[in-house]
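Q: Here it is: the structure, laid out below.
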Amino acid sequence: MSALEARQQSAAGTDGTGTLRLIRLAGLVATAALVFGIVPEVLGSLWLKVLISAAIYGLAASGVALLYARLGLVSLMQVALVGVGGWVTLKMWHATGLPFEIDMLAGGLAAAIVGALLGLPALRMRGLYFALVTLMAAAAFQIFITATQFPNGGEGWLGVSRSAPAFMPRPLLATTDAAMFRYVVAVAVLCFLAIEACRRSRAGRAWALIRKSEASAMAAGVSVAFYKLAAFALAGFVAGVAGGLLAATIGVLDARSFPAADSVMLFALTLVGGAYAFLGQAITGLLFRAVPALLNDVGVDGDIAFLIFGAALLHALITAPTGIAGQLFGLFGRLIRLGGRR
Amino acid sequence: MGAYGLFLVNGLAVGAIYALSGVGLVILCRATGVLNLAYGAIGAAGAMIAWQLMQYGCPEAIGWLAAIGTATLLSLAYGRLIAPHLSFREPVVRAVATLGFAIMILSLMNFSWVEAPRRLTLATDAIGLSILGMRVTGTRLIALLAAVLVTLAVALFLAATQTGLRMRALANDRDLAAVLGVPVVSVETVAWGISGVIAGFSGMMFADLVRLNPTVLTFLVIPAVAAAIVGRLESLMLTLAGGLTIGVVESMATLIRPVAPFRAAAPFVVAALLMLWYQRHRRLTFAGRD
Amino acid sequence: MANGVFTISSVISLSAGALLAALASGAAHAADAPKCGLGTGQAADGRPILIGSVVGETGPDDFSAGADAARAYFKCVNANGGINGRPIDFRVEDDQWSPETASQVASKLVKDDKVVALVGNGSFVEMTVNAKLYEDENVAVVASACAVRECFEARNIASTNQGPVPSNILTAQWAIDNLGTKKVACIALNIPSNGVWSCDQTDRWLADQGLEGVPVLFDPGSADLTAVLLEAVATGADTMLVSLPANLGVAFFKAAEEQGLRDQYNWIAPTPLYKEGVPEALGDYWDGKIYINAELTPWDRDGPDAKRWREVMDAFARPEDPRDTFSQAGFVSANILVDTLMEMKPEEIDRDNVTKALKAVKNYRTDLLCSPWYFGEAASHQPNHAGVELVIKSTGFEVVADCFEAKGGMFEDILAMEKSQGMTGAN
C-alpha cells in the first residue's frame, strides 16, 4: 500500500512544482530518444529480439498489474491469454490475409472476450480461491493447445498444415528487427496510455470504489459486475495484443511457449517489478525475458540459471513488497527531497 | 461393461494419486494459509534421492526413509526459513512465492541428474490382484489405501488432538488465534512437517506409478491443486472424493473419442465446474475475506 | 577503422588459439590422440572459421549430444592443422526448448556472429522457428537430431538422423516381415508436428502395404499411461509401435508389465529407445521382447569411422558427453562439413560458398550410416532412410537385422529422385 501512497504523493508533487514537472518531461524525452533512437541502432540482432520479447511480456504484465493494483484480483492465466491472442491473430492472417494490425486487434478482442468470460467467477469469489480458478483455466489451455497447436496456414478450422508450414510475415511497417522493436514499443505505449485513460475515467473511479468496498460501490450505484468484467476484458485485450505481436515477431507460435507455470511466473514477476506503475511492468518484462537471456548468453548452465532465477524471485518477493519500481520511486523521491533541502 | 470396468478401476488408481497430493496440500493450507506449489518438487527430490540410493544398492527401506526424510527437511526448511518472511502478505503472494522454491528444487534436480530413462521399482509392484479384468499392483492398492487412511488420520488428528485444535483455530482466524495464545510458530512447524512427510510418501508413489522424471513430478502439483480446490482448500473428505472423481473422469474420457485427446484437462474442468457450483448461492464478495 | 578493429580481434583470437592449441596438444600427447583433418599434429593458428549450432539442452530432454560430438571433432581438427591452417570457432547455443529463445540465439549466430554454417543442430522447436531465417540468410544446416516435420521439410536443413517417420516405418517393416504383424497401434505424443505427423505417415505407409495402423495419441504431461495402454489394447492391434521419448517409453512399458501383456503383443519402437540406460530401466521382464530400429549403425561397430568416432570422443569430448546415436550423427555432420571445407580454398570460405558447397554434397559414405548421404537442392530432405534392427536384452542391445532399406510408399519417390539425380552414386 505504501507504493500507492508514494505514487499519489509524487503525483501531487507533479502538480505543485514546476521543476519536478520539467524533470519528468526531460526524463520522458530522454527515455523516448534512448528507446526509439539509440537502442535499435546499437544493439545486435540477439538483444533486439530479447528486448522485443521483454516489451511484449511487459505489455502482457500490464494487464495482470491492472487487475491486481486496481481491483486486488489475481490472474494466473495471462500467458494463456497471450496464447489465445496469438492463435486468433495467426488464424485471422492465414484465413483472410488482412493487414497485421486488423488481425492483431481481432486477437486482442478475442482474448478480451475469453478473459471476461473466465473473469465471471470473480463476481462471486476473490483472493486465492479465484486465483486458482484462473490457474485451472491456464492449465486447461496448455492441454488444449498442445493437442491443437497454432495455425500455420493449413486447411480446416484448426489451420494446422500437414505439409510445409507457412510463416506469418511481419507487419509492413516493421520488417527489420530494429523496426519491429520500435513497433512493439509503440504498441505497448499505446496500450499503457489506454489503460491509464481508463484509470482516469469513470471506470477508474468505479474500480477504486469496488476495491474499497463492493457494498458501498453498489450503494453508490456502480455496476460492480460491469466494471469488474471491463477490467478483465482490458487485461485480456492487452494480453491478446501481446500474443499478436509475439506471433508477428517469430512468424509461428508453439504450444510449449504457454505453460500454466509461466502464467504464475508472470504474476510473481509483476509483483517483483511493481504493479502500481508502468515502469514496474517494463521491469517485469525485462526480468521475464532479458535476465534469462543474459544468463544464457554469458554461458551459465541453463539449470543453474533457473536456480538463480528461483532464488532471486523469492528474495525479491520478500525484500521488495512494493516491487522494484516502488523502490526506485522511493529512491527518486528521497533524491528530490535531498535536492530540495540543498 | 468390460471396458468400462477396466477404465473405472484404472481411474480410481490414478485418482488416488491426485487425492493423496491434494490432502497434503489441504492440511498445510488449512494450518498455515500457504498453498504449496513446491509440493510436487519436494516429493520429486525425495524420490530422486531414494532412487539414487537404491541404485547404489541400498535396501528399499532406506530409500523410503531417505525420500520421506528429504521431503520433510525441505518442507521444514521452507516453512521455518522462508515462509515467515511472507506471513503478513496475502495468501496468493504466499502461494506464488512457493513457485520460486519449486523452480530452485527442480533446477537442482535437473542439474544433478541429467535427463535419462530411469525407473523406480518397489517391492509392491510384483504383487497384485485382478479387479474387473485389470491387474492392480500392490503399489496402486497402497496408494488408494493410503489416500483413505491419511485422510482419516489427519481428520482425526485435527479433531482430537490439541495441536489439531490449534490448527483449526489458526485456519479459522489467524490473528484471533494468535491473540488467544496459540503458539503460531510451533503449530505451523508441525503442519509443514506433516505436509513434508506426505509429500515424500506421495513422491515415491508418483515416481513408481507415473514416472521418475523431476519435471513431470514437479508440475503434477497443478492437477493436485485441482483436487484441493474440489475440497475448497479445507475439507479433507471432499478432497479425497475430488481426487478420485478426477481420476475416474480422466480415465473414462479415453472411451469417448472426440474428447479423448483432451482428457488430461479433466482435473481442471472438473475443478472449475465444481467451484462454480459451490459458489452458486453467493451474490457478493467483500474485501478482506478470502 | 574497421581494419584496426579487425587486427585487434584477430590478435586476441590468435593468442586464445595458441593457448587452446597448447592445451590441446598437451592432451594429445597424454592420450595419443587420433589424427583428424590434415593430421599434422600442429595447431591451426589462422583466421578462425565461425560455425554455429542450436540445440535443445535445458528442458524435457537433452538434444545436445550431436553438438558435443561435433565440438570434440572440431577440437581434434584444430589440433591437426585446422581447415588448411584456419581453426574452427564452434559456438553452441541452447534454445531451452523455447521458440522465442530459439529465434534469439539463431539470430545471434546467423546475424550477429555471421557463422558460415550450422552443424549438429538437435531440437524440438528450433527448426520450426528458424527454417525461414536460414533460408533468407542463405546459411546451410547439417543437423543431427531432427524430430519434427518442419526440420525435414526445410530448404536449407538436412539431417544425418532419420527422424520418427523412417524409423517408425523401418521397425514396422521388419515386424511385418519377421513377426507377422497385421495391425499396428502407433503410440505417440499428440503434438501435431511430431507424434501426429509420424503416426499419420506410418499409418499411410501401412495402408499402402494393405495393412492397418491406428494412432493412439496422448498429452506429454499425462500422468496416466495405463489408460493409454488400455486404449492401445482396445484398438485390436497385434503390434504396439511405441514411438515415444525414452523416459515416457520406459514408463509405458512399465504399465504394460503391470498388466502382464508382454506375450500377447509384438512390441516395436523407433530409435529413441536405443539409448544407454534403457535395458537397465526396463529390467529382465522385457529381455528379448522389444525390437528397436537404430537410425545409424550400432555404437559398438568396428568400422574405421566408428572407431575414429570413439577415439575422438575419448580424447576430445567431456567425459559426461553421451556416446549414443545422436553423438554419432553429430560426428558425421561435423565430418561432412570439415570434408567440404577442406575442398575449398581457405580464403574463399564464406557463407555463400559454404552453403553452395554443402548443398552440392552427394554420395557421402561412412560406415556410421547405412546408406550414402546427400544434401541437395530440394524443398525437403530425407537422405537417411535405412537402419538396423535391434532387440533389447537385459544386458544391452543385440542386432537382429543389419542395414536394410525402407521400401514402398513414400520411399519409392525418394529412391527415384536419388537415382535420377545421382545422389547416391548408383545411377
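Q: Please give the total accessible area that chains B and C bury against each other, computed with a 1.4 Å probe and expressed in Å² to the nearest 100.
A: 2700 Å²
Q: Keeping all protein chains in place and using 1.4 angstrom, which order do A:GLU214, C:GLU405, C:GLU320 fall into by accessible surface area, from largest down?
A: Most to least solvent-accessible, the answer reads C:GLU320, C:GLU405, A:GLU214.
Q: Another one. Starting from the alpha-carbon convex hull of chain C, give the projected area averaged over all orientations, in nm².
A: Convex hull of Cα atoms, orientation-averaged projection: 20.3 nm².
Q: With a 1.4 Å probe on protein heavy atoms only, work out how much accessible surface C and A bury together, total over both chains, in Å² to the nearest 100.
A: Chains C and A together bury roughly 2700 Å² of accessible area.
Q: With a cut-off of at most 14 other beta carbons within 10 Å, and DSSP calling the residue loop, which chymotrypsin sites (Phe, Trp or Tyr not before Pro) in the stretch B:27-95 qualify? Please list them.
A: B:TYR56, B:PHE88
Q: Which residue, A:GLY326, A:GLY273, A:GLY63, has the most motion in a Gaussian network model of chain A that connects Cα atoms within less than 10 Å?
A: Highest fluctuation of the listed residues: A:GLY326.
Q: Kyte-Doolittle cut-off 1.0, length cut-off 27 Å along the helix's own axis using Cα: show which whole DSSP H helices in chain B pass.
A: Membrane-span-like by this criterion, though nothing is claimed about a membrane: B:2-32, B:91-112, B:138-160, B:184-209.
Q: While we're on this one: Can you grab the distance from the C-alpha centre of the stretch C:258-282 to the C-alpha centre of the stretch A:23-68, Å, no decimals?
A: Going from one Cα centre to the other spans 51 Å.
Q: Rounded to a whole number, what is D in µm²/s for the stretch B:2-279 from Stokes-Einstein with the Kirkwood radius over alpha-carbon pairs (20 °C, 1.002 mPa s)?
A: Approximately 113 µm²/s, per Stokes-Einstein.
Q: Considering every residue in A:39-50, what mean count of other chain Cβ atoms within 10 Å of its Cβ is obtained?
A: Shielding by partners across A:39-50 averages 4.
Q: I've got another one for you. Within the set of other residues whose C-beta is less than 12 Å from the C-beta of B:MET109, count the net charge using Lys and Arg as +1 and Asp and Glu as -1.
A: -1
Q: Could you tell me which chymotrypsin sites (Phe, Trp or Tyr not before Pro) in the stretch A:119-224 are loop residues by DSSP with no more than 13 other beta carbons within 10 angstrom of their beta carbon?
A: Answer by residue number: A:TRP157.
Q: Distance between Cα centroids, the stretch A:179-200 to the stretch B:31-62: provide it in whole Å.
A: About 46 Å separates the Cα centre of the stretch A:179-200 from the one of the stretch B:31-62.
Q: At a 10 angstrom cut-off on C-beta neighbours, averaged per residue, how do the peptides A:90-98, C:52-60 rank from highest to lowest?
A: The peptides rank, most packed first, as C:52-60, A:90-98.
Q: Show me the ranking of peptides B:113-123, B:23-33 by mean Cβ neighbours inside 10 Å, starting with the highest.
A: By packing density, highest mean first, the sequence is B:23-33, B:113-123.
Q: Skip the ligands, DNA and RNA, and give the accessible area per residue of the stretch A:118-250 with a 1.4 Å probe, whole Å².
A: Heavy-atom accessible area per residue stands at 39 Å².
Q: About the Cα centre, and with charges only on the beta carbon of Lys, Arg (+1) and Asp, Glu (-1), how big is the dipole of the stretch B:42-121? Nearest 20 debye, please.
A: The dipole of the stretch B:42-121 has a size of about 120 debye.
Q: Sticking with this one: Could I have the simple spin-label model distance between A:VAL300 and B:ALA178, label points 7 Å from Cα toward Cβ, reported in nm to one decimal?
A: Placing both labels 7 Å beyond Cα along the Cβ direction yields 3.4 nm.
Q: Here is a follow-up. Tell me the carbon and sulfur percent of the accessible area for the protein assembly as shown, rounded to whole percent, probe radius 1.4 Å.
A: Roughly 63 percent, rounded to a whole number.
Q: Could you do me a favour and compute the accessible area per residue for chain C, 1.4 Å probe, result in Å²?
A: In whole numbers, chain C has 35 Å² accessible per residue.
Q: Let me ask something else. Rounded to the nearest 0.05, what FRET efficiency do B:ILE62 and B:LEU156 give with R0 = 35 Å and r taken as the Cβ-Cβ distance? Could you check?
A: It comes out at approximately 0.75.
Q: May I ask you to list, by number, the DSSP H helices of chain C whose Cα span along the axis is at least 24 Å and whose average Kyte-Doolittle hydropathy reaches -1.0 or more?
A: Passing helices, by number: C:2-31, C:325-342.
Q: Moving on to the next point. When DSSP assigns beta bridges and you keep just the ones with both residues in the protein assembly as shown, what percent turn out antiparallel, to the nearest 5?
A: If I count the DSSP bridges inside the protein assembly as shown, around 35 percent turn out antiparallel.
Q: Using Cα centres only, tell me the gap between the stretch C:323-401 and the stretch B:152-192 in whole Å.
A: With the stretch C:323-401 and the stretch B:152-192 each reduced to a Cα centre, they are spaced 66 Å.
Q: Right, another one. Using only alpha carbon pairs under 8 Å that are at least six residues apart, calculate the relative contact order of chain B and give it in whole percent.
A: Over chain B, the number comes to 38 percent.
Q: If you build a Gaussian network model of chain A, linking Cα atoms that sit under 10 Å apart, which residue out of A:ILE102, A:ILE210, A:ILE283 swings the most?
A: Evaluated over chain A, the most mobile residue of the options is A:ILE102.
Q: Rank C:GLU257, C:GLU93, C:GLU348 by accessible area, highest first, at a 1.4 Å probe radius?
A: C:GLU348, C:GLU257, C:GLU93
Q: Quick check: pseudo-label points 7 Å beyond the Cα along Cα→Cβ at B:SER130 and A:ARG200, how many nm apart are they?
A: Each label point is offset 7 Å from its Cα along the Cβ direction, giving 7.7 nm.
Q: Name every cysteine in the protein assembly as shown that ends up alone, with no second cysteine's Cβ under 4.7 Å, or say none.
A: A:CYS191, A:CYS198, B:CYS29, B:CYS58
Q: For the pair C:LYS345 and C:LEU179, how long in nm is the line joining their label points, each one 7 Å along Cα→Cβ?
A: 5.7 nm
Q: Turning to a different aspect of this structure: Could you compute how much accessible area chains B and A hide from each other, both sides summed, with a 1.4 Å probe? Nearest 100 Å² is fine.
A: Answer for the B-A pair: about 4300 Å² buried.
Q: At 1.4 Å probe radius, can you tell me the per residue accessible area of the stretch B:2-279 in Å²?
A: 36 Å²
Q: Using a Gaussian network model of chain C with C-alpha springs under 10 Å, which one of C:ALA246, C:ALA379, C:ALA67 is most mobile by mean-square fluctuation?
A: With Cα springs under 10 Å in chain C, the top fluctuation among C:ALA246, C:ALA379, C:ALA67 is at C:ALA379.
Q: While we're on this one: Tell me, which residues of the stretch C:103-146 get at least 30 Å² less accessible area when the other protein chains come in, versus the chain alone (1.4 Å probe)?
A: Listed by number, the residues meeting the 30 Å² cut-off are C:SER103, C:GLN104, C:SER107, C:LYS108, C:LYS111, C:ASP112, C:THR128, C:VAL129, C:LYS132.
Q: Normalising by the residue count of chain C, find the relative contact order in percent from Cα pairs under 8 Å and 6+ residues apart.
A: 17 percent
Q: Something else: Within a 10 angstrom radius of each residue's Cβ in B:35-42, how many Cβ atoms of other chains show up on average? Whole number is fine.
A: 1
The values are calculated or read from the model by the stated rules, or taken from the named source; none is laboratory data. Just so you know, these numbers come straight off a predicted model, no measurement behind them. FYI the Cβ positions are ideal-geometry reconstructions off the backbone, even for glycines, and counts take in every protein chain you see. To get the accessible areas, we keep the full protein, side chains included, count just its heavy atoms, and leave off ligands, DNA and RNA. Shrake-Rupley method; radii C 1.70, N 1.55, O 1.52, S 1.80 Å.
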